[in-house]
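*Asks:* Take this structure first; my questions come after.
Where a number appears in this text, it was derived from the coordinates with a stated rule and is not lab data. As the structure is a prediction and not an experimental result, all values here were calculated from the model. Counting neighbours? That spans all protein chains shown, and the Cβs are built from the backbone with ideal geometry, glycine included.
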């Protein structure tokens, strides 16, 4: 199947690739990718800062779906695209932690943030992806929880080749329906079956992760055996 043409806009430094992508979303063609060698104000979920020094791969993709799909499923699709490339192309054992983290040996190597941009004429979606590729050292607060491809492989990787591999995988994933995306996500996920804690709006919920629904929400069985759906939150396990 023919892939959509991707227009890549490369920058030396930006505040945030997603900020720039959102600003240009209304006028940009679908499948425009904004790439930066570093970010001064990169951010992830809940606007938390994202460590973005030179060496990493930071990019945000503008898409314009006919229907504004569930953002969680778009995040799932991006996670699968990254995990598949890392596993198949670079031979590292990358897995997906619900909802938006890619891990290697329990440490975060990639974060994904999907945001909607509602304009006068068309709704756009910006999928921001930050991959720790050639980062050698992390700040003290991240040293125990983050890793990079360079640290895992003990060699530098080619950011351009990784970008060129991830983008078509993302295109393939976004051609699939919700059921197919969820099935692919399950091939790489490492959350289901685990005893977890989820911090939701300041409240801690404990239980066992059972499944994902069609929207990508997490189904959790509580200690009293009742089941609930969690739309978003910070998951902890192995505690």
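*Asks:* At 7 Å along the Cα-to-beta-carbon direction for both residue 231 and residue 158, put a label point, then send me their distance in nm to one decimal.
*Replies:* 4.3 nm
*Asks:* Still on this structure, please answer the following. Shape verdict for the chain, please, from the Cα gyration tensor: rounded (a/c under 1.5), prolate (a/b greater than b/c) or oblate. Mind dumping the intermediate values first?
*Replies:* Numbers: a/c = 1.56, a/b = 1.20, b/c = 1.30.
It comes out oblate by the Cα gyration axes.
*Asks:* Now for a separate question. Does segment 195-237 come out rounded, prolate or oblate, given a ≥ b ≥ c as the square roots of the eigenvalues of its C-alpha gyration tensor, rounded meaning a/c under 1.5 and, failing that, prolate meaning a/b above b/c? The partial results should precede the final answer.
*Replies:* Values: a/c = 1.64, a/b = 1.10, b/c = 1.49.
Because a/c hits 1.5 or more and a/b fails to exceed b/c, segment 195-237 counts as oblate.
*Asks:* Run the numbers on segment 1-138 and let me know its relative contact order in percent, using alpha-carbon pairs under 8 Å that are six or more apart. Walk me through the intermediate numbers first.
*Replies:* Details: 278 pairs, mean separation 33.9, N = 138.
That works out to 25 percent.
*Asks:* Here's a follow-up. Can you pull the percent of Cα pairs in segment 111-239 with separation above 19 Å? Please list the in-between numbers first.
*Replies:* Details: 5399 of 8256 pairs.
Pairs farther apart than 19 Å: 65 percent.
*Asks:* Antiparallel versus total DSSP beta bridges in the chain: what percent is that, nearest 5? Could the numbers behind the result be given before it?
*Replies:* On the way: 49 of 58 bridges.
That works out to approximately 85 percent antiparallel.
*Asks:* OK, next. Run lengths n ≥ 4 of DSSP H only: what is the helix-derived mean residue ellipticity at 222 nm for the chain, with -39500 (n - 2.57) per run over all residues, to the nearest 500? Intermediate values should be presented prior to the final figure.
*Replies:* Details: 5 runs with 58 residues, N = 239.
It lands at -7500 deg cm²/dmol.
*Asks:* Something else about it: For the residue pair residue 93 and residue 105, what label-to-label distance in nm results when each label sits 7 Å from Cα along the Cα-to-beta-carbon direction?
*Replies:* Going from the residue 93 label point to the residue 105 one covers 1.0 nm.
*Asks:* Could you state the number of Å between the C-alpha centres of segment 45-104 and segment 133-171?
*Replies:* A separation of 12 Å, based on Cα centres.
*Asks:* Oh, and also: Report the calculated FRET efficiency for residue 66 and residue 38 (r = Cβ-Cβ distance, R0 = 35 Å), to the nearest 0.05. Can you show the working numbers first?
*Replies:* Values: r = 35 Å, r/R0 = 0.99.
It comes to 0.50.
*Asks:* Further question on the same structure: Take the alpha carbon gyration tensor of segment 1-96, find the square roots of its eigenvalues, order them as a ≥ b ≥ c, and report rounded if a/c is under 1.5; if not, report prolate when a/b exceeds b/c, else oblate. Please list the in-between numbers first.
*Replies:* Values: a/c = 1.38, a/b = 1.02, b/c = 1.35.
Verdict is rounded for segment 1-96.
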